[in-house]
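Comments concern the structure below.
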Amino acid sequence: QVQLVESGGGLVQPGGSLRLSCAASASIGSIDVMSWHRQAPGKQRELVAAISSGGGTNYADSVKGRCTISRDNAKNTVHLQMNVLKSEDTAVYYCKARKSGANYWGQGTQVTVSS
């Protein structure tokens, strides 16, 4: 079992930045893939960014160049730095851990981009 707790969401103006954090109850060095997903009202949940245990990353086209995912193995935490935020980034952001074929999700953190 892996428990995940997200933080860092909030209200930000267009063009602003936020840094989301996901704290894991297990050593993230033992987790195959950590990822961030988001779900906007009326839309399906979608992948935003992912990072493997080896450090490889991938991003949704919609956030490439604006977001950076990173992991701090010492603190068992994964971060998502989001810059130049747009109104269409408004969503609930979820952290996910994939370990030994099982998926674990956090409760989510709301990000609202509005003036």
Amide H neighbours of Gln3 under 5 Å, counting only residues 5+ apart in sequence or on other chains, H built in-plane at 1.01 Å?
-> Ser25, Ala26
Could you go through the stretch 3-12 in sequence order and give the Karplus-derived ³J(HN,Hα) for each residue, using 6.51 cos²θ - 1.76 cosθ + 1.60 with θ = phi - 60°, rounded to whole Hz, and x for Gly and Pro?
-> 9, 10, 10, 8, 8, x, x, x, 9, 9
Placing each pseudo-label 7 Å from Cα in the direction of the beta carbon, Ser25 and Ser70 end up separated by a distance in nanometres of 2.8 nm
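Which order do Lys64, Lys75 take when ranked by solvent-accessible area (1.4 Å probe, heavy atoms of all protein chains), largest first? Don't skip to the end; give the middle numbers.
On the way: Lys64 120, Lys75 150 Å².
Descending accessible area places them as Lys75, Lys64.
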Write out the cysteines belonging to the chain for which the nearest other cysteine Cβ is not under 4.7 Å, or none if no such cysteine exists.
-> Cys67
Per 5 Å bin from zero, what fraction in whole % of the C-alpha pairs of the chain is there, up to the bin with the longest pair?
-> 2, 13, 25, 26, 19, 10, 4, 1, 0
Quick one: Karplus J couplings for the stretch 58-73, per residue in order, coefficients 6.51, -1.76, 1.60, θ = phi - 60°, nearest Hz, x for Gly and Pro?
-> 8, 9, 5, 4, 5, 10, 4, x, 10, 10, 9, 9, 8, 10, 10, 4
In the chain, lysine pairs with alpha-carbon atoms under 18 angstrom apart (chain gap of 8 or more, or interchain) = 4
Portion, in percent, of the accessible area of the stretch 1-89 that falls on carbon or sulfur, probe 1.4 Å = 47 percent
Inter-probe distance in nm under a simple model that places probes 7 Å from Cα toward Cβ, at Gln81 and Lys43 | 2.4 nm
Per residue, what accessible area does the stretch 33-115 have, given a 1.4 Å probe and all protein chains present, in Å²?
-> 52 Å²
In what order, largest first, do Lys99, Lys86, Lys43 sit by accessible area if the probe radius is 1.4 Å?
-> Lys43, Lys86, Lys99
If you find the alpha carbon centre of the stretch 81-115 and of the stretch 21-45, how far apart are they in angstrom?
-> 7 Å
Can you give the FRET efficiency for Gln3 and Asp61, using 1/(1 + (r/R0)^6), R0 = 25 Å, r = Cβ-Cβ distance, to the nearest 0.05?
-> 0.20
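The values are calculated or read from the model by the stated rules, or taken from the named source; none is laboratory data. The structure presented is a predicted model; accordingly, all values stated were derived computationally and were not measured. Don't worry about glycine lacking a Cβ; one is built from the backbone with ideal geometry, like all the others, and counts go over all protein chains shown. Remember, those area values only see protein heavy atoms, side chains included, never the ligands or the DNA or RNA. Shrake-Rupley method; radii C 1.70, N 1.55, O 1.52, S 1.80 Å.
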